[in-house]
Amino acid sequence: MQEEIMSAKNQALAQITSAKDNMELEQIRIDLFGRSGKITGLVKRIKEVPVESRQQVGILINETKQTLENLLAEQKNSFKENAREWFDPTIPGIKPKIGHLHLVTQAITEISRVFEGIDFERVRYPEVEWDWFAFEGLNMPKGHPARDEWETFFVDTRENPKYGKTVLTPHTSSGQVREMLKVKTPPIRMINIAKCYRRQSDVSHVPMFHQFEGLVVDEDISIVNLKGTLDYFAQSFFGKERKTRLRPYHFQFTEPSFEVDISCGNCDGKGCKLCKGGWLELGGAGMVHPNVLKAGSINPSRYSGFAFGWGVERTYMMKGGIHIPDIRLLYSADLRFLTQF
Amino acid sequence: MDIKILDSWLREFLGTKAKPADLAKYLSLSGPSVERIEKFGADSVYDIEVTTNRIDSTSVYGIAREATAILPRFKVHAKLKRTKTSSSEYKFVKKVSYLNPVVDSKLCPRFCAVLIKNVKIGDSPGLIKTRLESAGVRAINNVVDISNYIMLELGQPVHTFDYDKIKKHKMVLRESKNGESIATLDRKIFKLNGGDIVIEDGDGRLIDLAGVMGGNLSAVDTNTKNVLLFVQTYDPVRIRKTSMGLAQRTMAATIFEKGTDTELVTPAILKGIELFEKLCKGTPEKEVIDIYPFPFKSKKINLNLDFVEKRLGVNISKKDISDFLTSLEFETAWTGNNLTVNVPSFRSRDVLEPEDVVEEIARIYGYHNLPSEVMSGKLTGRSTSLQFTFEEKLKNYLSGWGGVEVYTSSLVAEDYVSQNALRLINPLGTDSEYLRTSLMPSLINAARQNSGTFESFHLFEMSNIYLPKKNDLPEERLMLAGIFEGYKYRNAKGIVEAFLEKLRLNANFEINESKGFAAGKCSSILIGTEKIGYIGFPENSSNVYYEFEVSKLFGLTQKTTVYTEISKYPSQVEDITFTLPEKTMVGKVLEEIRYLQSTINNAELRDIYKNSYTFRISYHDNTKTLTDKEVEQIRNKILQKVKEKFGGQIKG
């Protein structure tokens, strides 16, 4: 019987070492240790061995069993190792060039989306504009002191007998009368986003900048509607918790006129270094002056409206806490700046 | 206009227990905006922005008057302590013995003056000095200080003449003539263009540039004995023209140019008389000359309750409306729901129409008390033009392939623009004097700024160029342009090609000479026969530059795409390598192959090695699978054509 064991062992060793995969290995294991396996059979037959050599045979069988089991396990592991090819997941990727949209483009897109949500039509009107649309049609006759606030660039061209001088529009409000003349019959819900120009250049002013102008004209438009629209904008653009407030102000083309404040996002309106008593100034707004409606051929006794015009850059800066110390950076072509956004 | 108001001075006219911080807050919510409160010793100074229409508030008294109307709405008691508006001691008359004025009332609607004799010139008392100082005005001597004090307290500019320097005690207030000159208090001499308001004395000398600055010839000095205290109102348009024209922006001029209240003249001169007696121990004449041919008549404005409620957007009681307006010194009378409002003199230039009255009601009601509701009503039926989203898409494509968007200035130097470009009359500098006619110089400049710092980049911009038109506004043409640095021509062009392909535009590149580009290094980009843009090397530049007219891209791009059936038969693809003679235009070769016959559905350049070019050619027939034999026939045609037309040989 001892010989039988030795021969079974040697045969098994040869089979295991020459096995090519797990499946084969598993078949070998079953052939050896399965219910009718060779080794299992040998174990059963220990009882037939004479008593005096039974212990010796027992030891041999156990040793054989142990050796074969170890070898099986070893062989199984070696299959796993061989299947694992060398690979380095830490090697860095090859990136495509990363492009960037300008902050102003991002701002304009967001602002447009907010107003399109309440049926405002985005429009664009001339940057090089007649004095009449920029001032006179907005209830600012020639020589009016209110014109001082717009540091206006004048273009060297012949004056138009009807519309006067050519200017670089200092505000998007020049689109108000143009929109009225285009639409003719209200309702009007306009959002005009365009480049504007003023003779100014310092850390918070650039000669070329952008404004967005809202104009709503319909029957029975009230201050309540203006407040509603501004709150809708503030909450969509700045965040649900933000509020706006109106304070009295004066513009020639609106009556009443307002300065619009938004609650400070930094301190939740409690008051901090960045704000004035919990509020930040957003810009101007007002109820469209009847003379402006008249300039746009709209009957002021039937229709009323509101308008607001704010700086795109300024408004966007207030949003994300993007503290840009010098706004002129926006209009430099410096990639070290542009690739940050 | 920003003014500084001392708290204790304000409370001389305003009876209230409101703390400065609350006062500031309430005023800002319903009236003039208090920008900040500064400590001034134990006192406080309010820094207040008064809007141009509210010149009546540009004074201590004016702010007190506003506060009196506003504070009660915040449940704070307030009472106005009124200034003196009449006197039994002094008579206002049209003629006096001590002065002979000839006044053009169109220039000066109210001319008022009084002689004060035996004035003792010296320092003002401490209180006056402190108050002037709190407003940022330097104390000089009691006479000058009185003028400034009255202006700050009541908002009425006041002037003083040395009476004895007015020759023959005659004054002719008239329009200046072109070429006249005047010496002013600050010892400057101004040559006038005509149309300014001036005063001439009995010897025909100009002694005052009225409303803007006093004349040197009649100035009060340390030897002055008799003073003519002078309080007027002027035509605001003239004052503004003179003040702007001569760049003399005195406080008096900035007040007068907004149009002052003719009724304010009386309290101002009475206050002046009082101060001259007190501070200078002077003796005023009992008769005040007052040339005021058209005394103030209150204007009536009619409106109704419905109008007020519609503009406000809430219901409001007639009593509240009356109360609010009365607190602002308007008089109100209701007939049913119709309201007649009498406007006080100090608001007569500002409150002209029903809308103006609504503003007064609304701000005292409190904008913060109004609800907030987006308007209801019909949709406009006009949705935003698709061009805006199209523009966004163009930018997204380019940035998706690594482009960085820039915004460069529309205002450029002369060497950036073509002839007859629009020029500014008042540019900030010569580097921003013209409206650009091309984006190319701006982008070359932008690339130059970054070159050296970055190895390779692609900048792009979408902006208008301005092309002059005769007797009209210029054409504002929206361009999309880009520049590559450190890109091989093929890589740069590939982005432009991919961009066009994304737009499903089947574009042709045609060699062309174009302005600003180096000779032979520019192609125009065409869709059919329509030129939509350019690509190439600008003169003296190693950067590839391209530009498109956005409206053309928009116009030519298909708004929807039609489905093309996917072929049931496979294409056969093979690579063929040709050796081409030097200076062969490879694009032309590919084009020739591609359009040789309809069974060739694609031809691409795969590889270049020296003068060997490998093309990948795809053969396809929609009706069947091409046999090897058929492909061979087509291939032979290609080989023949390339040999004939370009002298190219198949390699190997």
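Observations on the model:
- Residue within the range A:218-240 that is crowded, with 23+ Cβ neighbours inside 10 Å, in a strand (DSSP E or B) and touching a residue at least 12 places away in the same chain (Cβ under 8 Å) present: no
- Restricting the range B:16-35 to residues that are in a loop (DSSP other than H, G, I, E, B) and either within 15 Å of B:Thr68 (Cβ to Cβ) or in contact with a Phe, Trp or Tyr (Cβ under 6 Å, 6 or more places away or on another chain) (or both) leaves a set whose member that is farthest from the other protein chains (Cβ to nearest Cβ) is B:Lys17.
- Just one of the listed residues (B:Ile207, B:Ile166, B:Ile146) is of a type in the set (A, V, I, L, M, F, W, C), surrounded by 23 or more Cβ atoms within 10 Å (Cβ to Cβ) and in contact with a Cys (Cβ under 8 Å, 6 or more places away or on another chain), and it is B:Ile146.
- Against the test of being surrounded by fewer than 17 Cβ atoms within 10 Å (Cβ to Cβ) and away from chain A (no Cβ under 12 Å), the options B:Thr250, B:Thr332 yield a single qualifying residue, B:Thr332.
- Picking from residues in the range B:569-597 that are surrounded by 13 or more Cβ atoms within 10 Å (Cβ to Cβ) and free of Cβ contacts under 8 Å to residues at least 40 places away in the same chain, the one that is farthest from B:Ala518 (Cα to Cα) is B:Arg594.
- From the options B:Glu485, B:Glu433, B:Glu475, residue that is exposed (fewer than 15 other Cβ atoms within 10 Å of the Cβ) and within 11 Å of chain A (Cβ to nearest Cβ): B:Glu475
- Restricting attention to the range A:329-341, the residues being in contact (Cβ under 8 Å) with a residue 12 or more places away in the chain, assigned to a helix (DSSP H, G or I) and either in contact with an Asp or Glu (Cβ under 8 Å, 6 or more places away or on another chain) or surrounded by fewer than 15 Cβ atoms within 10 Å (Cβ to Cβ) (or both) number 2.
- For the range A:282-298, a tally of residues being aliphatic (A, V, I, L, M) and surrounded by 24 or more Cβ atoms within 10 Å (Cβ to Cβ) returns 4.
- Test: B:Arg635 is modelled with pLDDT of 90 or more, among the basic types (Lys, Arg), out of contact with any His (no Cβ under 7 Å at 6 or more places or on another chain) and part of a strand (DSSP E or B): no
- When A:Phe306 is tested against (1) touching a residue at least 12 places away in the same chain (Cβ under 8 Å); (2) more than 10 Å from chain B (Cβ to nearest Cβ); (3) not acidic (Asp, Glu); (4) not in a helix (DSSP H, G or I), only condition (2) is not met.
- Residue that is farthest from B:Thr222 (Cα to Cα) [pool: residues in the range B:115-143 that are of a type in the set (Ser, Thr, Tyr) and buried (at least 19 other Cβ atoms within 10 Å of the Cβ)]: B:Ser134
- Boolean, A:Lys195 is surrounded by 16 or more Cβ atoms within 10 Å (Cβ to Cβ), free of Cβ contacts under 8 Å to residues at least 60 places away in the same chain and in a strand (DSSP E or B): no
- Residue within the range A:286-297 that is within 12 Å of chain B (Cβ to nearest Cβ) and either among the acidic types (Asp, Glu) or under 18 Å from B:Ser33 (Cβ atoms) (or both) present: yes
- Within the range A:201-236, tally of residues that are among the polar types (S, T, N, Q) and within 7 Å of chain B (Cβ to nearest Cβ): 4
- Residue satisfying all of: in the range B:337-382; among the small types (Gly, Ala, Ser) and assigned to a loop (DSSP other than H, G, I, E, B); farthest from the other protein chains (Cβ to nearest Cβ) among these: B:Ser348
- Failed criterion for B:Ser410 (all others in (1) at the interface with another protein chain (Cβ under 7 Å from one of its Cβ atoms); (2) within 28 Å of the chain's Cα centre (by Cα); (3) surrounded by fewer than 22 Cβ atoms within 10 Å (Cβ to Cβ); (4) of a type in the set (S, T, N, Q) hold): (3)
- Checklist (1) at positive phi; (2) of a type in the set (Gly, Ala, Ser); (3) within 26 Å of the chain's Cα centre (by Cα) applied to A:Ser332, failing item: (1)
- Pairs linking a residue in the range B:557-568 that is under 26 Å from B:Lys531 (Cβ atoms) and loosely packed, with under 10 Cβ neighbours inside 10 Å to a residue that is modelled with pLDDT of 85 or more and of a type in the set (A, V, I, L, M), with Cβ atoms under 9 Å and 6 or more positions apart or on different chains, are B:Gln558/B:Leu503; B:Gln558/B:Leu505; B:Lys559/B:Leu386.
- Residue match in the range B:409-419 (condition: at pLDDT 95 or above, more than 20 Å from A:Phe306 (Cβ to Cβ) and of a type in the set (S, T, N, Q)): yes
- Within the range B:383-397, restricting attention to residues that are touching a residue at least 60 places away in the same chain (Cβ under 8 Å) and more than 20 Å from A:Lys182 (Cα to Cα), the residue that is nearest to the other protein chains (Cβ to nearest Cβ) is B:Lys395.
- For the range B:412-442, the set of residues classified as more than 20 Å from A:Glu129 (Cα to Cα), touching a residue at least 60 places away in the same chain (Cβ under 8 Å) and not in a helix (DSSP H, G or I) consists of B:Ser418, B:Leu439, listed by residue number.
- Within the range B:452-468, considering residues that are assigned to a strand (DSSP E or B) and more than 10 Å from chain A (Cβ to nearest Cβ), the one surrounded by the most Cβ atoms within 10 Å (Cβ to Cβ): B:Ile465
- Given (1) of a type outside the set (Lys, Arg); (2) at pLDDT below 95; (3) farther than 30 Å from B:Gln419 by Cα, number of the condition B:Ala492 does not satisfy: (2)
- Residue within the range B:299-311 that is within 14 Å of chain A (Cβ to nearest Cβ), in contact with a Ser or Thr (Cβ under 9 Å, 6 or more places away or on another chain) and free of Cβ contacts under 8 Å to residues at least 24 places away in the same chain present: yes
- Those residues of the range A:102-152 which are free of Cβ contacts under 8 Å to residues at least 60 places away in the same chain, touching a helix residue (DSSP H, G or I) at 6+ places or on another chain (Cβ under 8 Å), within 9 Å of chain B (Cβ to nearest Cβ) and of a type outside the set (Ser, Thr, Tyr), in sequence order: A:Pro126, A:Glu129, A:Gly143, A:Pro145
- Any strands (runs of 3 or more DSSP E) falling wholly within the range B:74-156 and containing at least 2 residues that are among the basic types (Lys, Arg) and touching a residue at least 12 places away in the same chain (Cβ under 8 Å): B:110-117
- Among residues of the range A:175-191, those that are more than 10 Å from chain B (Cβ to nearest Cβ) and in contact (Cβ under 8 Å) with a residue 40 or more places away in the chain, counted: 8
The values are calculated or read from the model by the stated rules, or taken from the named source; none is laboratory data. Source: prediction; values computed, not measured. Methodologically, a virtual Cβ is constructed for each residue, glycine included, from the backbone with ideal geometry; neighbour enumeration extends over all protein chains shown.
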